[in-house]
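So the structure is just underneath, and the comments pick up after that.
The values are calculated or read from the model by the stated rules, or taken from the named source; none is laboratory data. Keep in mind it's a predicted model, so treat the numbers as computed, not measured. Reconstructed Cβ throughout: ideal geometry from the backbone, glycine too, with neighbour counts over all protein chains shown. All accessible areas refer to the heavy atoms of the entire protein, side chains included, with ligands and DNA or RNA removed. Shrake-Rupley method; radii C 1.70, N 1.55, O 1.52, S 1.80 Å.
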Amino acid sequence: FYVGGEPDWLQFAAVKGKLYSIETRALAESSDTYLALYNGKELLATDDYNGIGIASRIIWRAVRSEDLSVIVRHVFPDVLGAQTQYDVVISEEESIAYPYEPDDSRQQAHPMAIDGTIERRDFHRPGDVDWISFIATAGNS
């Protein structure tokens, strides 16, 4: 990022029904990316840090064939220069592995540790819900 606050724009032709992964990688020391996906008329998806570390990732299934635009910007618009470099990759995917799926009902809820462990989850399709379970001991807070 070389001009403070100015985003980078990319465009690709999406095909109806195809699944796409849009992600930033190889972030330089001072880089912290934010992604936004547009179809020219509306904002379709955003992500701040669903990739590895503070990288960003959007998973999108195209609902129609159309040109889509991706905006990549730094989370902090006043940070710029040589140490804000990043790679961006747009790829067509057969499927995306979601380690906790299926978890769309109480019966499918995956157990979660109560030791402070962070689980990275996402809503990967319209209407997705995520259920978790954990064991609580009475009298403990």
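Can you pull out the residues in the range 112-141 that are more than 23 Å from the chain's Cα centre (by Cα), modelled with pLDDT of 80 or more and on the phi < 0 side of the Ramachandran plot?
If we filter the range 112-141 for residues that are more than 23 Å from the chain's Cα centre (by Cα), which is where we start, we get 113-115, 133-141.
After this cut, where a residue has to be modelled with pLDDT of 80 or more as well, the list is 113-115, 133-139.
Scanning the range 112-141 gives Ala113, Ile114, Asp115, Ser133, Phe134, Ile135, Ala136, Thr137, Ala138.
For the range 29-43, enumerate the residues that are modelled with pLDDT under 90 and either touching a strand residue (DSSP E or B) at 6+ places or on another chain (Cβ under 8 Å) or open to solvent by less than 20 Å² (accessible area, probe 1.4 Å) (or both).
Ser31, Asp32, Thr33, Tyr34, Gly40
Provide a single number: the residues in the range 61-82 that are open to solvent by less than 50 Å² (accessible area, probe 1.4 Å) and closer than 26 Å to Lys16 by Cβ.
From the range 61-82, those open to solvent by less than 50 Å² (accessible area, probe 1.4 Å) are 62, 66, 68-72, 74-75, 79, 81; that's our starting set.
Still in the list and also closer than 26 Å to Lys16 by Cβ: 62, 66, 68-72.
Residues meeting the conditions: 7.
Tally time: how many residues in the range 1-20 are more than 17 Å from Ala62 (Cβ to Cβ), assigned to a strand (DSSP E or B) and either at pLDDT 90 or above or open to solvent by less than 40 Å² (accessible area, probe 1.4 Å) (or both)? If you could, list the steps in order and put the result at the bottom.
Going residue by residue through the range 1-20, those that are more than 17 Å from Ala62 (Cβ to Cβ) are 1-9.
Okay, now just the ones that are also assigned to a strand (DSSP E or B), so 8-9.
From what is left, the residues that are either at pLDDT 90 or above or open to solvent by less than 40 Å² (accessible area, probe 1.4 Å) (or both) are 9.
Count: 1.
With the checklist (1) charged (D, E, K, R); (2) at pLDDT 90 or above; (3) within 18 Å of Gly81 (Cα to Cα) in hand, flag the one item Glu23 doesn't pass.
All conditions pass for Glu23, except number (3).
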